[in-house]
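The values are calculated or read from the model by the stated rules, or taken from the named source; none is laboratory data. Note that the structure is predicted; figures quoted are calculated from it, not measured. Cβ placement follows ideal geometry from the backbone for every residue including glycine, while neighbour counts extend to all protein chains displayed. Side chains included, ligands, DNA and RNA excluded: accessible areas come from the protein's heavy atoms. Shrake-Rupley method; radii C 1.70, N 1.55, O 1.52, S 1.80 Å.
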Amino acid sequence: NQLQFVMPEMDEETIESNGTNANRLKIFLDQREIPLLYVSSPVKNTPGRTELPVNVYDYSNQNSDNMLSELQERGIDTIDLRENMLEDGLKSEDLFFKTDHHWTANAGIWSADISSPLCIRSTSNTMLRFSTKITTTLRS
């Protein structure tokens with residue numbers, strides 16, 4: 001097993017507070033016509049694939065599920081890369097270094113391949129306006 005640490009359970013108050021803060025950010029960005037996308041990353045403890053020692057509990061996935069639900073209830077767009085990980089037949093060993101909790105370069109590329117098209121599609125109008133503004137400024 002490559003798990004280096006476990007996450008404690010996030011209480012409802014913390015999840016709601018995080019949701020409130022994310023919603024404030026969404027409102028701020030909406031006023032500027034900038035989309036918000038929350039990308040939930042995989043964790044080393046993969047449900048159904050990672051066996052933890054007896055009496056060791058990790059709430060990483062439960063916390064992620066609860067946070068995603070909170071954000072979705074508030075109308076914030078989300079991607080859950082854990083689902084993509086399972087769909088693509090990947091294991092945590094394929095994405096994380098053995099010695100710690102950081103992603104490998106290949107995992108970063110994999111996640112960018114999934115999330116980039118969604119980011120580009122949702123920001124194309126914003127980026128076009130931004131690009132035009134920069135071009136106009138550079139020509140001045």
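How do Lys26, Lys98 rank by accessible surface area computed with a 1.4 Å probe, from largest to smallest?
Correct descending sequence by accessible area is Lys98, Lys26.
Using 0.36 nm per residue, how much length does the chain from Asp65 to Glu9 gain when fully extended, once their Cα-Cα distance is taken away?
Separation in residues times 0.36 nm, less the Cα-Cα distance, equals 19.0 nm.
Label Thr99 and Phe28 with points 7 Å out from Cα along Cα→Cβ: what is the distance between them in nm?
3.7
If you keep only loop residues by DSSP, which GluC sites (Glu not before Pro) in the stretch 73-121 have at most 16 other Cβ atoms within 10 Å of their Cβ?
none
Might you tell me the accessible area per residue for the stretch 20-101, computed with a 1.4 Å probe and given in Å²?
Value for the stretch 20-101: 62 Å² per residue.
Around Val6, under 15 Å between beta carbons, what's the net of Lys plus Arg minus Asp minus Glu among the other residues?
Local net charge: -3.
Using a Förster distance of 35 Å, how high is the FRET efficiency between Cys119 and Val56, based on the Cβ-Cβ distance and rounded to 0.05?
The calculated FRET efficiency here is 0.45.
Mind listing the long-range amide H neighbours of Ile79? Cut-off is under 5 Å, sequence gap 5 or more, other chains count too, H placed in the peptide plane at 1.01 Å from N.
Tyr38, Val39, Ser40
In a shell of Cβ-Cβ distance under 10 Å around Leu71, excluding Leu71 itself, what net charge do Lys and Arg (+1) and Asp and Glu (-1) give?
Combined, the nearby Lys, Arg, Asp and Glu give -1.
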